[in-house]
Amino acid sequence: VERQLNSVSAAVYGRFLGGYVWRTSLPRRRSRKHRSKWDISVSEYPWSSYPPYVAAGALFMSRPVLEDIAVAMLYTRYLRFDDIFIGLVAHKLLLSPLHMESVRAYEPVWSNCTDTQALLRLAASHGYKAPSELDKMWQRLHLAGLCTAAAVRTAGAPGG
């Protein structure tokens, strides 16, 4: 993660908001037949689409963006979906979230992945369905030696 954030240029840093970005997402309206925790009424959210937003689970932002969002949140109508709420606030601030290939959402990296370099480039992986799946992945990372400080330093080196 540190490597990912250190790669953000000085020009981008002041407006950096990144992660797995949903660019075109529509509100799920309530239905009598099918109910979901993702349902939202027109009174809660009257627009036909959501602004681009970073999926919950792994959201990265610079300190200046954090400070701007903290203030703008006070002047933004609350929405119970935290990731979309942050997207609304970012939209008000004219921030465009940056999609990060190193963040996986809804397609987790599995414990049988053999591409060590791909695992080293990974900043976050979301979507594991059971604690046992996450535990297997954690064991895989340790067996491959990917969770040591030396492995991380080596991966960040040229040709590493």
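Side notes on the structure shown:
- None of Asp68, Asp82 is within 24 Å of Ser125 (Cα to Cα), among the charged types (D, E, K, R), at pLDDT 95 or above and outside the structural domain of Arg121 (by TED's automatic domain parsing) except Asp82.
- The residue that is nearest to the chain's Cα centre (by Cα), counting only those in segment 1-55 that are modelled with pLDDT of 95 or more and polar (S, T, N, Q), is Ser49.
- Only residues that are out of contact with any strand residue (DSSP E or B) (no Cβ under 6 Å at 6 or more places or on another chain), β-branched (Val, Ile, Thr) and crowded, with 18+ Cβ neighbours inside 10 Å were counted in segment 41-70, giving 1.
- Residue match in segment 59-66 (condition: among the β-branched types (Val, Ile, Thr), touching a residue at least 12 places away in the same chain (Cβ under 8 Å) and not in a loop (DSSP other than H, G, I, E, B)): yes
The values are calculated or read from the model by the stated rules, or taken from the named source; none is laboratory data. Every value quoted in this text rests on a predicted model; they were computed, and no experiment measured them. Neighbour counts are summed over all protein chains in view; Cβ atoms, including those assigned to glycine, are modelled from backbone coordinates with ideal geometry.
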